[in-house]
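A quick write-up on the structure given underneath.
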Amino acid sequence: MGGATLAYALRNLGARVTVIERGDFLPREYENWSPKAVFTRGRYRNSENWYDATSGPFRPGVHYYVGGNTKVFGATLPRFRETDFGAVDLHEGVSPAWPIDYRDIEPHYARAERVYRVHGTPGQDPTEPWRSGDFPFPGVAHEPAVAALADSLRGQGLTPFDMPIGVDLRTGGGCVRCATCDGFPCLLDAKSDADVCAMRPALAAGNVELLTRTTVVRLRTDPSGTRVTEAVATRDGRELRVVAERFVLAAGAVNTAALLLRSGTGSGRGLADGSGRVGRNYMVHNSTFVVAVDPRRRNDTVFQKTLGWNDWYRDEGPHGPLGNVQTLGKLQAPMARVLGDRVPAPILGALAAHSVDLYLTSEDLPTPNNRITVDGADRVVVHWSPNNLAPHRELVRRTTNAMRRSGYPVVFTRRMGVAVNSHQCGTAVMGEDPATSVVDPYGKAHDLDNLWVADSAVFPSSAAVNPGLTIAANAFRIAADGELAR
């Protein structure tokens, strides 16, 4: 989301831009729409193993393709709340303020919503930040079971809203509201992923080129150590050196940090690491799947991911702010393995046929010991201990009660672990002070003259909603307001 959006933003500014992607274009094929291929066989999961510092190897939820994880994301594209950019008191500490205010990024949110074809309905969400204009497209209508849930929630005094979502439901658009959107590649290119909406238009401009199947392994600097001179990469088994005037990292918070660490001088710190913060303050949200079942009625919803509520986002009770609730794409039997590997497939199928499926997120705090390192075997190691869990447990409890009052007597919950990391952020944080941050407020490394970071690694806090639109908006802000394009 960061790299493709930045290339799109730079495409008409006179610079020659080379985008380096370690993967290739994700193939358009029948299996895009196959739950068994995508979820059971993991056809498109092409990442290497990472290592949990306490339990060993795991396969992370990252995808190396043009467009990155957005090829399979649920296309939920909310703005951060205005208060998320300031210091927020959480149950276990203070979520730090950003070095920018909401007003600094608001015009870029508006541009990102246009580029990523965001559908939404203003005025429904009590936590919604102010807007300089309407959503580009109207909210996506709920199907009957979701509309009934929204009515029930309103009867309980809650304020559900149409989730901002990026799909091509314009007049003549390609979206057919299928059951294979959230978690799937889109066979019709109708999901607003970074490949379709940003990278392809950038390539069409003529001054942007793309190197696929190319993995950058190290950045080299001049003798002073203050200027990057080249990126060393491998492509189809051969070494490739990329020389440029300016370099931007947008590999995702984990891989951006890992590349900086691999590019260090041998002093125990990475490149751009004068603060000692590279890799530290890793955040990934506290998240839980909720599957609410009514055995008495089938849920025939096809396109379910249209509803959310934030009534407890700013809760001022003893637990502090709790977080966001949103519907998931409709679970099908192969996808319902999230409930447990030992549950027989027929039971999973029966549960999925009668369920409404939700995703809950709560903010986690940046802490120095939650970090990314690279070990002696050049492996990515994740040191992660969840924090601020009491509010998340309360969010799960309240959501469970709300679903039972809505007529779903059986509610299953499962909190996500270290491998569910699509909301990763915080490993190269931005700030004014070089002693406590890695990059300045416009993404430029404090320690280097020509290196920027344009992904969620720069986030000082995680907020409690999906980060995709904020990554895109910040990339537009870097291109428009910072030194990069000058």
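A short reminder: the numbers here are calculations on the coordinates, not readings from a lab. Quick caveat, the model's predicted, so the values are computed rather than measured. Counting neighbours? That spans all protein chains shown, and the Cβs are built from the backbone with ideal geometry, glycine included.
Summarising the label geometry, the points placed 7 Å from Cα in the beta-carbon direction at residue 209 and residue 101 lie 4.4 nm from one another.
The P(r) of the range 269-415 has a tail past 21 Å containing 54 percent of all C-alpha pairs. Shown here for the range 203-256: GluC sites (Glu not before Pro) in loop regions (DSSP other than H, G, I, E, B) with at most 16 other Cβ atoms within 10 Å, namely 245. A cut-off under 11 angstrom between Cβ atoms defines the neighbours of residue 477, and their net charge, with Lys, Arg +1 and Asp, Glu -1, is -2. Computed over the range 247-312, the range of Cα coordinates on each principal axis works out to 64, 25, 21 Å, biggest value leading.
Here the residues 316, 143, ranked from fewest to most Cβ neighbours within 10 Å of their Cβ, fall in the order 316, 143. Across the range 329-413, the convex hull enclosing all Cα atoms gives 144 Å³ per residue. Counted by neighbouring Cβ atoms within 10 Å, the residues 357, 300 run from fewest to most as 300, 357. Computed with the Debye formula from one identical point scatterer per Cα of the range 1-72, without solvent, the log10 of I(q)/I(0) at q = 0.15, 0.16, 0.29 Å⁻¹ comes to -0.66, -0.72, -1.30. Loop-located chymotrypsin sites (Phe, Trp or Tyr not before Pro) in the range 4-59 (DSSP state other than H, G, I, E, B) with a sparse environment of at most 16 neighbouring Cβ atoms within 10 Å: 25.
Taking the number of Cβ atoms within 10 Å of each Cβ as an exposure proxy, the fewest-first ranking of 394, 29 is 29, 394. Two numbers describe the Cα atoms of the range 361-486: Rg and Dmax, which are 18.4, 59 Å. When only Cα pairs below 8 angstrom with a gap of at least 6 residues are kept, the range 356-467 shows a relative contact order of 24 percent.
By its C-alpha gyration tensor, with a ≥ b ≥ c as the square roots of the eigenvalues, how is the range 391-446 shaped: rounded for a/c under 1.5, else prolate for a/b larger than b/c, else oblate?
Working: a/c = 4.65, a/b = 3.28, b/c = 1.42.
Since a/c reaches 1.5 and a/b is larger than b/c, the shape of the range 391-446 is classed as prolate.
Percent of C-alpha pairs per 10 Å bin in the chain, short distances first: 4, 20, 32, 28, 13, 3, 0, 0.
Of all DSSP bridge pairs formed entirely within the chain, close to 80 percent run antiparallel.
Based solely on its DSSP helices, what 222 nm [θ] is calculated for the chain when runs of n ≥ 4 H residues each add -39,500 (n - 2.57) and the sum is averaged over all residues, nearest 500 deg cm²/dmol? Value at 222 nm, helices only: -5500 deg cm²/dmol. What is the diffusion coefficient of the range 78-191 in µm²/s, taking the Kirkwood radius over Cα pairs and the Stokes-Einstein relation at 37 °C with a viscosity of 0.692 mPa s? Diffusion coefficient, whole number: 201 µm²/s. With a Cα cut-off of under 27 Å and a minimum spacing of 8 residues unless on different chains, the lysine pairs in the chain number 10.
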